[in-house]
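All remarks here apply to the structure that follows.
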């Protein structure tokens, strides 16, 4: 799930919203499946993980930061990104910093395990499972474009996931968020 496999279907579904060549923070990126996929599409990616071995070779694709974000200092102080991506990771004390790292007009794409997962497998500790509506509360103040909370048959896991945008400078949002990659209105 976290190594060299295919990118998350949630990310690929919503990637059309990301600004071309925009900056992306892939937090707790592991082996870099998302970082590589986004870099191949022209995004400037910063991958952060505490496991230096899992990051080996990823510097070919993106900026790599080895940091223990749970017990060390936040390595991205003062930085914001056009997109902040988190997949299969939850450390509640970081949630405010994660949201603050989304630049004006930028996107938060977050997907991780949710309550109920303990009935089907790991992780099973409540510390690592989002509670109902938790990502909605985390994203308060952002415009939520998509949100899901439920069970995925394949690979058989409970997830909660969100796509949300910070308003741009001047307090504006784009008028239309396409929910698919189809033709643009009027085009």
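Every number here is computed from the coordinates shown, using simple stated rules; none is lab data. Because the structure is a prediction, the values reported are computed rather than measured. Methodologically, a virtual Cβ is constructed for each residue, glycine included, from the backbone with ideal geometry; neighbour enumeration extends over all protein chains shown.
Take the Cα of residue 70, step 7 Å toward its Cβ, do the same at residue 127, and the gap between the two points is 0.6 nm. Taking 0.36 nm per residue of separation and subtracting the Cα-Cα distance, full extension of the segment from residue 44 to residue 137 would add 30.6 nm. Only one item in (i) 17.3, 56; (ii) 14.8, 46; (iii) 16.0, 51 matches Rg and Dmax of the Cα atoms in Å derived from the coordinates shown, and that item is (iii).
Centroid-to-centroid, using Cα positions, segment 132-153 and segment 39-60 are 26 Å apart.
An oblate overall shape is assigned to segment 1-47, the ratio a/c of its alpha-carbon gyration tensor axes (a ≥ b ≥ c) being 1.5 or greater and a/b not exceeding b/c. Sorting 28-37, 125-134 by average packing, meaning the other beta carbons within 10 Å per residue, from highest down gives 28-37, 125-134. For residue 115 and residue 92, the difference between the fully extended length at 0.36 nm per residue and the C-alpha to C-alpha distance is 6.8 nm. Can you give the relative contact order of segment 9-165 as a percent, counting alpha carbon pairs under 8 Å and 6+ residues apart? Contact order relative to length: 18 percent. Residue exposure proxy: 94, 108, ordered by other Cβ atoms within 10 angstrom of their Cβ from fewest to most, comes out as 94, 108. Taking each residue as 0.36 nm, the span from residue 21 to residue 60 lengthens on full extension beyond its C-alpha to C-alpha distance by 12.4 nm. Each Cα pair under 8 Å and six or more residues apart adds its separation to the average, and for segment 1-68 the resulting relative contact order is 30 percent.
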